[in-house]
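Here's the structure we're looking at; comments come further down.
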Amino acid sequence: MNPVFSPSVQEFQREFADFLRGVVPDGWAGAGALPHDEFPAFAADLRRALYEGGYLGVDWPVEYGGRGLTPEHQVAVAEQLTRMRLPQTSLSDVFGMQMFGTTVLAFGTEEQKHRFLPGILSGEVKWCQGYSEPQSGSDLASVSTAAVRDADGWHINGQKIWTGTAHFADWIFALVRTDPEAPKHRGLTLLACPLRQPGIEVRPIRQMWGDAEFNEVFFTDAITADDNVIGGVNNGWRVATALLEHERGGAAAVLAVRFEEELDRLCELAREHRRDKDTDIRQRIAWCRARVLAMKLLGYKALTRSLRGQPIGAEAAMTKLYWSEYHVVLTDLAMDILGDEALVLRGRRAVLADGPDAPGAPTDSAGWITAFLASRSSRIYAGTNQIQRNLLAESILGLPREPRPA
């Protein structure tokens, strides 16, 4: 079962498929088949081709650099990229296009839309997200990084952590406290702030699998202009939570397809290690197959809501909870199939660490070990799974609110 697009969108998707066939090299086996150190350059070249071909931000208004098409067209782009085993642009675009760009479209002023959006689409300006802080855990409303306004603009002091891609970003959108006397949900503001200035220090954090995708960001009297407030002063909670829906729900169209491809590779791994006749392994693979099918149906439900212009809402929490816990189980199974080989890094590491590796990836132990290590963090990032359960309990099941600290 696949999404059924309208005739005009199907025609657009055929046009896009022809475009992609002209971009990928002969004998294309998928982005995962590329050597680890060649993947970033390939992804950058692909992004440039998509931008020049007019296939980035196709549902954004023409006046801000988009094509003025519909969300259905945007879904068709994402689906076709996945079908042809191509990456969905870059990790930086998750923060720039998927999160900040869509938030500016919803909450930004006309001047901000013209100033920020074209640079995001072209890739000239890269963004990162400044939400998490030390000591705050998953309580987003408890952020303590503060901003005070004077004649120069907003002066920011504090620290953010787990800030993905900050080491090569140009700007950060940061949730900061602007009214310390107000209740904690009402004293927050979302500020856009240039990263490359005195008073901002970025320190990379190296993960278990060897890469440094996250950072600490220290603000010491850093300044951003008064017109970089997104959505109004002290209205940051509303803006920030709307932004998170784009982070949690935006992958609904393609996530299950990526997990499906990964599960096929796991089956191949079982055959290579002669474990495909093992009753325990077969039962666990069957469990995974059923979960991926359910994930696909959940994705279609979220997709339907999005195409109807309805907010994904708290159901995005269900999708995040579902796939992150599934991936822990699947990678545990991969380690069991590998057996003693799981102790040795053989072959290339995964090129993507935010879920399944890129389609076409080999079954090398290094790739599965990377996925196993990265899957541990998936229950924490993008809002911990404990927070997702609270959202589901309170917003969908209508259970009493969990007692909060005063």
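The values are calculated or read from the model by the stated rules, or taken from the named source; none is laboratory data. Please read all numbers here as calculations on a predicted model, not as lab measurements. Neighbour counts are summed over all protein chains in view; Cβ atoms, including those assigned to glycine, are modelled from backbone coordinates with ideal geometry. Ligands, DNA and RNA are excluded from the accessible area calculation, which covers all protein heavy atoms including side chains. Shrake-Rupley method; radii C 1.70, N 1.55, O 1.52, S 1.80 Å.
Listing for the model above:
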| item | result |
| --- | --- |
| Filtered residue count, segment 251-309, keeping only those that are among the polar types (S, T, N, Q) and under 19 Å from Arg85 (Cα atoms) | 0 |
| Flag if Leu298 is out of contact with any helix residue (DSSP H, G or I) (no Cβ under 7 Å at 6 or more places or on another chain), part of a helix (DSSP H, G or I), open to solvent by 20 Å² or more (accessible area, probe 1.4 Å) and without any contact (Cβ under 8 Å) to a residue 60 or more places away in the chain | no |
| Residues of segment 359-406 satisfying the condition of being in contact with a Gly (Cβ under 7 Å, 6 or more places away or on another chain), open to solvent by less than 20 Å² (accessible area, probe 1.4 Å) and at pLDDT 90 or above | Ser365, Ala366, Gly367 |
| Pair list, Cβ under 6 Å, 6 or more apart: segment 164-187 residue more than 9 Å from Gly236 (Cβ to Cβ) and among the small types (Gly, Ala, Ser), other residue assigned to a loop (DSSP other than H, G, I, E, B) and open to solvent by less than 60 Å² (accessible area, probe 1.4 Å) | Gly164/Glu213; Ala169/Leu195 |
| Which listed residue, of Glu181, Glu216, is among the charged types (D, E, K, R) and surrounded by fewer than 14 Cβ atoms within 10 Å (Cβ to Cβ) | Glu181 |
| Residues of segment 35-54 classified as closer than 19 Å to Gly367 by Cβ and open to solvent by 30 Å² or more (accessible area, probe 1.4 Å), total | 6 |
| Enumeration of residues in segment 260-295 that are small (Gly, Ala, Ser) and open to solvent by 70 Å² or more (accessible area, probe 1.4 Å) | none |
| Pro356, sole failed condition from (1) open to solvent by 10 Å² or more (accessible area, probe 1.4 Å); (2) within 20 Å of Leu34 (Cα to Cα); (3) in contact (Cβ under 8 Å) with a residue 40 or more places away in the chain | (1) |
| Selected residue (only one of Gly137, Gly153, Gly164 is open to solvent by less than 60 Å² (accessible area, probe 1.4 Å), modelled with pLDDT under 95 and small (Gly, Ala, Ser)) | Gly164 |
| Glu201 being under 30 Å from Ala294 (Cα atoms) and surrounded by fewer than 21 Cβ atoms within 10 Å (Cβ to Cβ) | no |
| Considering residues of segment 74-126 that are in a helix (DSSP H, G or I) and free of Cβ contacts under 8 Å to residues at least 24 places away in the same chain only, the residue least open to solvent (accessible area, probe 1.4 Å) | Gly119 |
| Matching residues in segment 13-27 - criterion: being part of a loop (DSSP other than H, G, I, E, B) and open to solvent by less than 60 Å² (accessible area, probe 1.4 Å) | Val23, Val24 |
| Matching option when the condition is assigned to a loop (DSSP other than H, G, I, E, B), under 18 Å from the mean Cα position of the chain (by Cα), of a type in the set (A, V, I, L, M) and under 24 Å from Gly119 (Cα atoms), among Ala174, Ala240, Ala169 | Ala169 |
| Enumeration of residues in segment 352-387 that are in a helix (DSSP H, G or I), more than 24 Å from Thr82 (Cβ to Cβ) and within 17 Å of the chain's Cα centre (by Cα) | Arg376, Asn385 |
| Val351 under 17 Å from Ala43 (Cα atoms), in contact with a helix residue (DSSP H, G or I) (Cβ under 7 Å, 6 or more places away or on another chain), open to solvent by 10 Å² or more (accessible area, probe 1.4 Å) and of a type outside the set (S, T, N, Q) | yes |
| Any hit, segment 197-214, residues being in a strand (DSSP E or B), of a type in the set (Phe, Trp, Tyr) and free of Cβ contacts under 8 Å to residues at least 60 places away in the same chain | yes |
| Filter result (in contact (Cβ under 8 Å) with a residue 12 or more places away in the chain and in a loop (DSSP other than H, G, I, E, B)) within segment 147-163 | Asp152, Ile161, Trp162, Thr163 |
| Among residues of segment 36-73, those that are over 21 Å from the mean Cα position of the chain (by Cα) and outside any loop (DSSP other than H, G, I, E, B), counted | 7 |
| Search result, residues across segment 206-232 that are among the hydrophobic types (A, V, I, L, M, F, W, C) and in contact with a Ser or Thr (Cβ under 9 Å, 6 or more places away or on another chain) | Met208, Trp209, Phe214, Val217, Phe219, Val229, Ile230 |
